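Colleague: Can you keep this structure in mind? I'll have questions shortly.
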Amino acid sequence: MNVAKYNLSSVRASYGKTLAVAIDDLSIAAGELHVLTGPNGSGKSTLLGILAFLNKQDKGEIRFDGVPVNWTRKECALLRQRVTLLHQHPYLFSGSVAGNVAFGLAARGIGKEQARNVIRESLEKVGLAGFESRTARKLSGGESRRVALARALACKPEVLLLDEPVANVDRASAALFESLVVSLASDGMTVIISSHDERLGARLGARMIYLEDGKLGCAPEPLPSVVSTRREEGTHANS
Amino acid sequence: MKQLSALDFVKYRGVLVTCALALVCSVCFAQARLKMSTTTSTDNSGLLNVLLPPFEKQCNCKVDVIAVGTGKALKLGEQGDVDVVLVHARALEDKFVANGFGVNRRDVMYNDFVVIGPANDPADLRHAANAADAFRRIAAKHDLFISRGDDSGTEQKEKEIWSAARIAPSGSWYRSVGQGMGEVITMATELRGYALADRGTYNAFRHGKTDLVILFDGSRNFTRPGKPMPKLTVAQVKALTGANGLFNPYGVIAVNPKRFPYVRYDLAMKFIAYITGPVGQRIIANYQVQGDSVFFTFKGK
Amino acid sequence: MGFIADSFRMAVSLIVAGDADVISAVITSLSVAIWSVLFASLAGVPAGVAIALGKFPMRGAVRLLLNSLMAMPTVVIGLLVYGFLSRQGPLGSLGLLFTPKAIIIGQSILAAPVIANYTLGAIQGADERILPTARTLGASNSQSLMLLVREVRFGLVAAIIAGFGRVVSEVGIAMMLGGNIRMYTRTMTTAIALETSKGEFAFGLALGLVLIVVSLAVNLVLTVAQESHRA
């Protein structure tokens, strides 16, 4: 049994004025592939934002690798270098593909020479070999997403969070993506994918985390991590 | 893409900064600078453009001319913001020295004021006996009169004449505009009104910028037609200033170094010696605007 | 009306003849404007970023103040700075009054709110994903902010162009703090004011046309440099 990467206790978080996440007890295992699923508006993106250490929870405690997170600036900066979130609609910076992919590396103080290799590897992994000097903003939708993924992978994070990565993506790209995340997890990365596609988890053989307004979800297999949320107000966008 | 995104901006500005540095350096002078405040009419006459360069060469310095109204010119001296003052308002000059702001006042030159107005002369100034009478005629008919209203030497003179005429001008015919001589002449031209102007500025406007004519001037009483105005002594001119006449003597005063130790008193005294000395005086006497002399040197200097 | 037609001819001959007074005025205008925009940006850009992103109690009031400062008349700024730089004032011993440096001080104060406000707008209009993306990729706060500034740089160039326009066209500050000293602190705008006061309307307008041409040239340089920087 792997050590838990994350432990959440009595966590409450809002999105705007509404309570979006109410998790009493959740453990996320390290080095495993997880699928976070639930209908739109169920709080998936808010939860991912917390796990990425971008937004602080209102109440409750989070442990990362067993260590409680105090949310100091310094601590968050260090944690964010270990956890990377890929947004559903990723923002590419102005400039070249290589420039985008290299962003996380410069932040980690990795030199130009080394960076060049990492960029090449990352682009190859997502099937965009040779795209280094292309203008990032001029790519197609699918290519843009892959650049964003390469950019996240280049950071070599311990935890990779993906918000709806295969929604509205063609079958071939989705298949490519799915095999990629499986191999990442098998290499020891903790991968959490949020998706409203309930069968994704089964296809990938992932652990399931169900998020649903006021409903407990059960996973068929493997071992479930069951989570409940309380519904407060009505709708809010869960981008 | 580099991480230090602001670096682009900085590099970009680097070029601008270098250019700016070059430009500013080209503008800055390392020489000694004498700051002089004077009146706009003096500056506008163009006399200083002819009078200053020989002095600047001689003393290897630059004279910074700050041309403002008489009131402000003296105020700058009172604050120690300039080193020397060149104005034409005797009463104010005397006060300036008496209050300890200036030292070594010297008479430099004089010019005169003229009353200008539309050629058809509705107030009939051609038959006025003196300046006060001229103003009385304008006020009696409520003819339009444009006043400087800006504390200038010209306005001082105007006030003296009104008080000699025992009139306190007010009403819609009397417009106090708070602007310089040129603007006042332009306005009077547009509105077909009267104004008191210094001869120098009027001459500069005479050809093309105004169709107003001189309807009364102070030299009437002692120039013969066709003969140039005789040289007058300081005392004679003084007698014909203020309410008595339209003459306008200039004084130059050094700002008091005891009060403001940092002023360039040495350069100021050099300048005063220059403009009251033979070289300066000759330049002043020979200076002409549109073929007419506008400044006169005193007899006996 | 006649003077308008005359002025076009005069403007051309001024530009061609290279009159020393005019060249000096152009150089003075440009150099004080460039320095002023530089200093104003050093203050205004960080201020704009801070107000846009900061969460502090009086934020609404600060933004209101910033908007009002943009409408400050130049003579008022000139008067205030004059009070400081005059020999009677606290900074009098520096002897800055009636020098180009004094104009730069005044114009920097004039341009800073303009640049801050435009920067504020550019940051607020920026894609809200920029900062979270930078952060999640491991950038520190300062690195993320620098990236944000880089991503909105076209808005910042607009800020600089606006600031430049504001200072190169003003006359109140240059007149009051510079003294319109020939070949030293006479700018294009104070030269125009002088010529107008002397009734030389055609010449004044001709100088105005020269000023417009110079401004066009500067803006062209800024725009072209920015375009070539794209991608």
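Just so it is clear, none of the values below were taken in a lab; they were calculated from the coordinates. Given the structure is predicted, the values throughout are model-derived calculations rather than measurements. Methodologically, a virtual Cβ is constructed for each residue, glycine included, from the backbone with ideal geometry; neighbour enumeration extends over all protein chains shown.
Colleague: Looking only at region A:154-174, decide whether some residue is assigned to a helix (DSSP H, G or I) and within 12 Å of another protein chain (Cβ to nearest Cβ).
Modeller: yes
Colleague: From the list A:ALA129, A:ALA106, pick out the single residue that is away from chain B (no Cβ under 14 Å), in contact with a helix residue (DSSP H, G or I) (Cβ under 8 Å, 6 or more places away or on another chain) and without any contact (Cβ under 8 Å) to a residue 12 or more places away in the chain.
Modeller: A:ALA129
Colleague: Given the residues C:ALA126, C:ALA159, C:ALA174, C:ALA122, which is the only one that is away from chain B (no Cβ under 12 Å), more than 30 Å from A:ARG151 (Cα to Cα) and of a type outside the set (Lys, Arg)?
Modeller: Sole residue among the options that is away from chain B (no Cβ under 12 Å), more than 30 Å from A:ARG151 (Cα to Cα) and of a type outside the set (Lys, Arg): C:ALA174.
Here is a yes/no grid of residues against (1) over 28 Å from B:GLY251 (Cβ atoms); (2) in a loop (DSSP other than H, G, I, E, B); (3) charged (D, E, K, R); (4) without any contact (Cβ under 8 Å) to a residue 40 or more places away in the chain:
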residue	(1), (2), (3), (4)
B:ALA123	yes, yes, no, no
B:ALA129	yes, yes, no, yes
B:ALA132	no, no, no, no
B:GLN156	no, no, no, no
B:GLU160	no, no, yes, no
B:GLY178	no, yes, no, yes
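Colleague: List the helices (runs of 4 or more DSSP H) that sit entirely inside region C:101-170 and contain at least 2 residues that are surrounded by 21 or more Cβ atoms within 10 Å (Cβ to Cβ) and touching a residue at least 24 places away in the same chain (Cβ under 8 Å).
Modeller: Qualifying helices (runs of 4 or more DSSP H): C:141-151, C:153-168.
Colleague: Among (1) closer than 20 Å to C:ARG150 by Cβ; (2) of a type outside the set (Gly, Ala, Ser); (3) within 14 Å of chain A (Cβ to nearest Cβ), where does C:LYS55 come up short?
Modeller: If we test C:LYS55 against (1) closer than 20 Å to C:ARG150 by Cβ; (2) of a type outside the set (Gly, Ala, Ser); (3) within 14 Å of chain A (Cβ to nearest Cβ), just (1) comes out false.
Colleague: Is there a residue being part of a loop (DSSP other than H, G, I, E, B) and either in contact (Cβ under 8 Å) with a residue 60 or more places away in the chain or out of contact with any Leu (no Cβ under 6 Å at 6 or more places or on another chain) (or both) anywhere in region C:22-41?
Modeller: Looking through region C:22-41, none of the residues is part of a loop (DSSP other than H, G, I, E, B) and either in contact (Cβ under 8 Å) with a residue 60 or more places away in the chain or out of contact with any Leu (no Cβ under 6 Å at 6 or more places or on another chain) (or both).
Colleague: Right, here's the next one. Is it the case, given these coordinates, that A:LEU33 is closer than 26 Å to C:LEU131 by Cα and either free of Cβ contacts under 8 Å to residues at least 12 places away in the same chain or surrounded by 18 or more Cβ atoms within 10 Å (Cβ to Cβ) (or both)?
Modeller: Against the criterion (closer than 26 Å to C:LEU131 by Cα and either free of Cβ contacts under 8 Å to residues at least 12 places away in the same chain or surrounded by 18 or more Cβ atoms within 10 Å (Cβ to Cβ) (or both)), A:LEU33 does not qualify.
Colleague: Now for a separate question. Filter region A:139-150 down to residues that are without any contact (Cβ under 8 Å) to a residue 60 or more places away in the chain, part of a helix (DSSP H, G or I) and within 14 Å of chain C (Cβ to nearest Cβ), then give me how many there are.
Modeller: Summing the residues that are without any contact (Cβ under 8 Å) to a residue 60 or more places away in the chain, part of a helix (DSSP H, G or I) and within 14 Å of chain C (Cβ to nearest Cβ) in region A:139-150 gives 4.
Colleague: Here's another thing I want to ask about it. Picking from A:PHE53, A:PHE93, A:PHE64, which residue would you name as being touching a helix residue (DSSP H, G or I) at 6+ places or on another chain (Cβ under 6 Å) and either free of Cβ contacts under 8 Å to residues at least 24 places away in the same chain or more than 14 Å from chain B (Cβ to nearest Cβ) (or both)?
Modeller: The conditions single out A:PHE53.
Colleague: Now for a different question. If I go through region B:38-56 residue by residue, how many of them are assigned to a helix (DSSP H, G or I), touching a residue at least 40 places away in the same chain (Cβ under 8 Å) and of a type outside the set (Ser, Thr, Tyr)?
Modeller: Counting residues in region B:38-56 that are assigned to a helix (DSSP H, G or I), touching a residue at least 40 places away in the same chain (Cβ under 8 Å) and of a type outside the set (Ser, Thr, Tyr) gives 6.
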